[in-house]
Amino acid sequence: MIILQNTFKRLLRNKVSLLLVLVIPPTMLGLLFGLGGQGMDTITVGLVDQDQTPLARQLEEVLQERAVVKPMLEEDISGELTAARVQMALVIPSGFTQTVLEGGEVRLDSYSIQESNLAMPVELVVESFTRAALNVAVAAEGNMDAFYRGLADYRKGGVQVETLMTEGMDGDRSNAAASAMGILGINMMFLALYATMHLLKDRENRTFHRVMTAPLSQRSYLMQIIGCFLAILLIQMTGVFLISRFLLNLYLGVNVLALYGVMVVFALVCVAFGIAIASLVKTTRQAGTLASLLTTPMAMLGGLLWPREIMPEILQHIGMFLPTTWMMEAVNKVIVSGNFLEAGWEMGILLLFALVFFLMGSWRRVDISV
Amino acid sequence: MLLELEGLVKRYQDHLAVDHVTLKVKEGEIMGLLGPNGAGKSTTLNMITGLTRKDSGAIRVFGKDNELQGQTIKKDIGVVPQEIAIFEDLTAGENAAFFGRLYGLRGSLLKERVAEALAFVGLSDHEKQFPKKFSGGMKRRLNIACAIVHKPRLIIMDEPTVGIDPQSRNHILESVKTLQKEGSTILYTSHYMEEVDEICNRIAIMDQGRIIAQGTSQELKNLISSEEKIDLTLSEVNYTLVEEIKKLEGVLECHLEGKQLTVLVRKNSGLMGKISLIIGRSGSDILSLQVDRITLESVFLTLTGKSLRDAG
Ligand SMILES: Nc1ncnc2c1ncn2[C@@H]1O[C@H](COP(=O)(O)OP(=O)(O)O)[C@@H](O)[C@H]1O
Ligand SMILES: [Mg+2]
């Protein structure tokens, strides 16, 4: 364990690796998602109620569960939006309740500055509420009392509305979680390769050779180095998960532990990749060149920076040969399903990549001095 | 025998770096391996420490074959590499402690030994400092400290005094002698004949992969006891001069280095007159003249036909 401890101590003393572990990933995430988090509670919705009925008020209550509701007049909409006092405005037109009771088609006009991520969940809430109201209205057959009783029951049960909402919103929040994992993935690759450069430096300054004159096998040395790199990547990962979850309030899928598991497997791939590079090249400069030639395309083609679907098909096919692609596939599956096994195929491929890289990296040198 | 090399061979492509080296080192002695750069000294040492694989031959350390019992042997060897191999991001104390731990030292014993090793090389006051700020000599000394924390039976030193100030060099030479007094056996490699002559009990002279002579300093000098070395400093130099002197009956070797002319002649050959005549004719004056006692340098010169400094 001496090599592991020593390497670990030295990596934590190094400013660059410390930045890569503790500073850069949270900063990137913070810049992308904003401190304080992206949740429905942060959106302020301007509500123009021209109908002034109990139904309209109920809709307001439903909205209040998900957003800050600010009553206002129609003429103020554009002013409030441009001043960013509200992120979204919603108009309940007069006659809204009447139309619902008659079972007619209703549409609420909504305004927002940009197609913001925040507005969509609110729209979904509104839509599912009006759909529910319509259903109840049909059942009530125009009877006002029956309608409101039915609606109250409906809201108490609430189940259907909830499921509808979570399903709809998940698409969006899952994307955010996936981009967070993409950013983490890039940082993991960089950290693994930086640690590899550290390893090569030990070869250049001959401390590696000196260590090999001690009673210590090459296998033990390599295992300890792998252990050390894995440990440092796990620290980085854990930090990112904690910060995403508790500081940035990011949604990390149905089952955070399963997602963590996927990233642990990717950490294994990153470390193995570094070890393979270390055995292929001789100097830190060669490693640096190779690393920058490989990591950026791996990140881009693997979908760590943007969804793979937006790339030309040919690039998507090339991506199939990169571990990053399979990591993102696994991430996307696990975020939605919460089940580690759902991504079994992708994990298998990732482990295969790790195995191949490890085999390349553990090529034993007979002549250590060369 | 503490260390035995037998017919050791190492080939790099078609270049014989080590050519059938046979060498025996007795317990408690300082064995010097003297040779110019590229002679094959480091390659020989690397085969002993297991860094380089031998092509053929046998290595026995403490009576054990180094291929079969490498890990056992390594515990009792301390290696001072030719390059300064220390961690720049660890303090002097941490460096020594790391290597001590590699050899199994722990706890209070480790602390004690680290302090001892640093004191031994005169770096006690720098224990908490990073080697980045050290002078070349201090780094060399730390390089040695890291090899002796575990008090090895055999210490292998590969040119431990290269490129340092005379003070650090003397310090190192003294400490090598102290290590011997404390019971260690030392295989000491260098291309400086003076220091090998000063501290080693026995010396092996190596050139182009081969050991061309070995024995005590006196035994080696006796090899050429029938010779005399004349050192002359000239006002002018002239290469035909060297050729002419070489043609004289009784001159074994003649060699010009800057304005320094070294002539090796058979003892009592009375050639001084003829040599000064040739020099006079060439239009040069003799600024100083010294008839030297035989040094290892002249032994090397006689055996290889080249100066130790020029070879390699
Ligand atoms: N890894 C290597 N590959 C090829 N040739 C080498 C290698 N290492 C050493 N040599 C050659 O072997 C010879 C002996 O080198 P070395 O043992 O380092 O000499 P010394 O230590 O006496 O200066 C030199 O000619 C050197 O060029
Ligand atoms: Mg050497």
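The values are calculated or read from the model by the stated rules, or taken from the named source; none is laboratory data. What you see is a predicted model, and the numbers here were worked out from it, not measured in a lab. Here Cβ is always computed from backbone atoms with ideal geometry, including for glycine, and neighbour counts include all displayed protein chains.
Could you pull out the residue among A:Tyr194, A:Tyr251 that is touching a Lys or Arg at 6+ places or on another chain (Cβ under 8 Å) and more than 15 Å from A:Ile2 (Cβ to Cβ)? Before you say what the answer is, go through the steps one by one.
Working: A:Tyr194 fails: touching a Lys or Arg at 6+ places or on another chain (Cβ under 8 Å).
Exactly one residue qualifies, and that residue is A:Tyr251.
On the given criteria, is B:Gly57 surrounded by fewer than 14 Cβ atoms within 10 Å (Cβ to Cβ), away from ligand 2 (no atom under 16 Å from the Cβ) and under 22 Å from B:Gly215 (Cα atoms)? Steps first, please.
Details: surrounded by fewer than 14 Cβ atoms within 10 Å (Cβ to Cβ): no; away from ligand 2 (no atom under 16 Å from the Cβ): yes; under 22 Å from B:Gly215 (Cα atoms): yes.
Criteria not met by B:Gly57.
Among B:Ala147, B:Ala115, which is more than 16 Å from ligand 1 (Cβ to nearest atom), away from every other protein chain (no Cβ under 14 Å) and modelled with pLDDT of 95 or more?
Working: B:Ala147 fails: away from every other protein chain (no Cβ under 14 Å).
On inspection, the qualifying residue turns out to be B:Ala115.
Being farther than 20 Å from A:Ala146 by Cα, crowded, with 16+ Cβ neighbours inside 10 Å and modelled with pLDDT under 85 is the requirement here; does A:Ala67 meet it? Walk me through it before giving the result.
Values: farther than 20 Å from A:Ala146 by Cα: yes; crowded, with 16+ Cβ neighbours inside 10 Å: yes; modelled with pLDDT under 85: yes.
Against the criterion (farther than 20 Å from A:Ala146 by Cα, crowded, with 16+ Cβ neighbours inside 10 Å and modelled with pLDDT under 85), A:Ala67 qualifies.
Can you list the helices (runs of 4 or more DSSP H) found entirely within segment B:22-108 that contain at least 3 residues being at the interface with another protein chain (Cβ under 8 Å from one of its Cβ atoms), under 30 Å from A:Phe8 (Cα atoms) and more than 19 Å from the chain's Cα centre (by Cα)?
Numbers: elements: B:41-49, B:70-74, B:92-102.
Output list reads B:70-74, B:92-102.
Just to be sure, is A:Ser94 over 15 Å from A:Phe129 (Cβ atoms), out of contact with any Ser or Thr (no Cβ under 7 Å at 6 or more places or on another chain) and not in a loop (DSSP other than H, G, I, E, B)?
So A:Ser94 fails the test.
Return the only residue of B:Gly136, B:Gly93 being in the same structural domain as B:Leu154 (by TED's automatic domain parsing) and modelled with pLDDT under 95. Let's see the steps before the verdict.
Working: B:Gly93 fails: modelled with pLDDT under 95.
Within the list B:Gly136, B:Gly93, the selection yields B:Gly136.
So, in segment B:202-230, how many residues would count as being in contact (Cβ under 8 Å) with a residue 60 or more places away in the chain and loosely packed, with under 15 Cβ neighbours inside 10 Å? Reasoning before the result, please.
Our first condition is that a residue be in contact (Cβ under 8 Å) with a residue 60 or more places away in the chain; within segment B:202-230, this holds for B:202-214, B:217, B:220-221, B:223-225, B:227-230.
Okay, now just the ones that are also loosely packed, with under 15 Cβ neighbours inside 10 Å, so B:225.
Number satisfying all stated conditions: 1.
Name the pairs whose Cβ atoms lie under 9 Å apart, with the first residue in segment B:32-50 and over 21 Å from B:Ile199 (Cα atoms) and outside the structural domain of B:Tyr188 (by TED's automatic domain parsing), the second in a helix (DSSP H, G or I) and within 7 Å of ligand 1 (Cβ to nearest atom), and 6 or more positions between them or separate chains?
Close Cβ pairs satisfying both conditions: none exist.
Out of B:Val196, B:Val176, I need the residue that is more than 16 Å from ligand 2 (Cβ to nearest atom) and either in contact with a strand residue (DSSP E or B) (Cβ under 6 Å, 6 or more places away or on another chain) or under 13 Å from B:Gly78 (Cβ atoms) (or both). Which one? Please lay out each step first, then the result.
On the way: B:Val196 fails: more than 16 Å from ligand 2 (Cβ to nearest atom).
Residue meeting the stated conditions: B:Val176.
Determine whether segment B:94-111 contains at least one residue that is more than 28 Å from B:Lys26 (Cα to Cα), out of contact with any helix residue (DSSP H, G or I) (no Cβ under 7 Å at 6 or more places or on another chain) and among the hydrophobic types (A, V, I, L, M, F, W, C).
yes
Could you figure out which of (1) hydrophobic (A, V, I, L, M, F, W, C); (2) assigned to a loop (DSSP other than H, G, I, E, B); (3) more than 16 Å from ligand 2 (Cβ to nearest atom) isn't true of B:Leu252?
Status for B:Leu252: all satisfied but (2).
Restricting the search to segment B:255-294, which residues are in a helix (DSSP H, G or I), over 15 Å from B:Val237 (Cβ atoms) and free of Cβ contacts under 8 Å to residues at least 40 places away in the same chain?
To start, the set of residues in segment B:255-294 that are in a helix (DSSP H, G or I) comprises B:272-281.
The next check asks that each one be over 15 Å from B:Val237 (Cβ atoms); those that pass are B:272-274, B:276-277.
Across segment B:255-294, the qualifying residues are B:Gly273, B:Lys274, B:Ser276, B:Leu277.
Is it the case that A:Leu351 is touching a residue at least 60 places away in the same chain (Cβ under 8 Å) and outside any helix (DSSP H, G or I)?
Values: touching a residue at least 60 places away in the same chain (Cβ under 8 Å): yes; outside any helix (DSSP H, G or I): no.
No, not satisfied.
Check whether at least one residue in segment B:269-282 is touching an Asp or Glu at 6+ places or on another chain (Cβ under 8 Å) and basic (Lys, Arg), and report yes or no.
No, because not a single residue in segment B:269-282 is touching an Asp or Glu at 6+ places or on another chain (Cβ under 8 Å) and basic (Lys, Arg).
If B:Pro81 meets every condition in (1) within 14 Å of ligand 1 (Cβ to nearest atom); (2) surrounded by fewer than 17 Cβ atoms within 10 Å (Cβ to Cβ) apart from one, which number is that one?
All conditions are met except number (2).
State whether one or more residues within segment B:148-163 are within 21 Å of B:Gly32 (Cα to Cα), assigned by TED's automatic domain parsing to the domain that holds B:Arg101 and in a helix (DSSP H, G or I). Can you show your working first?
Going through segment B:148-163, the residues within 21 Å of B:Gly32 (Cα to Cα) turn out to be B:148, B:151-163.
Subset that is assigned by TED's automatic domain parsing to the domain that holds B:Arg101: B:148, B:151-163.
If we keep only those that are in a helix (DSSP H, G or I) as well, we get B:148.
Scanning segment B:148-163, I find at least one residue that is within 21 Å of B:Gly32 (Cα to Cα), assigned by TED's automatic domain parsing to the domain that holds B:Arg101 and in a helix (DSSP H, G or I), so the answer is yes.
Any residue at all in segment A:203-211 that is polar (S, T, N, Q) and more than 8 Å from chain B (Cβ to nearest Cβ)? Please lay out each step first, then the result.
Applying the first criterion (polar (S, T, N, Q)) to segment A:203-211 yields A:205, A:207.
Still in the list and also more than 8 Å from chain B (Cβ to nearest Cβ): none.
No.
B:Lys133 passes all but one of (1) within 14 Å of another protein chain (Cβ to nearest Cβ); (2) more than 30 Å from B:Met193 (Cβ to Cβ); which number fails?
B:Lys133 satisfies all of (1) within 14 Å of another protein chain (Cβ to nearest Cβ); (2) more than 30 Å from B:Met193 (Cβ to Cβ) except (1).
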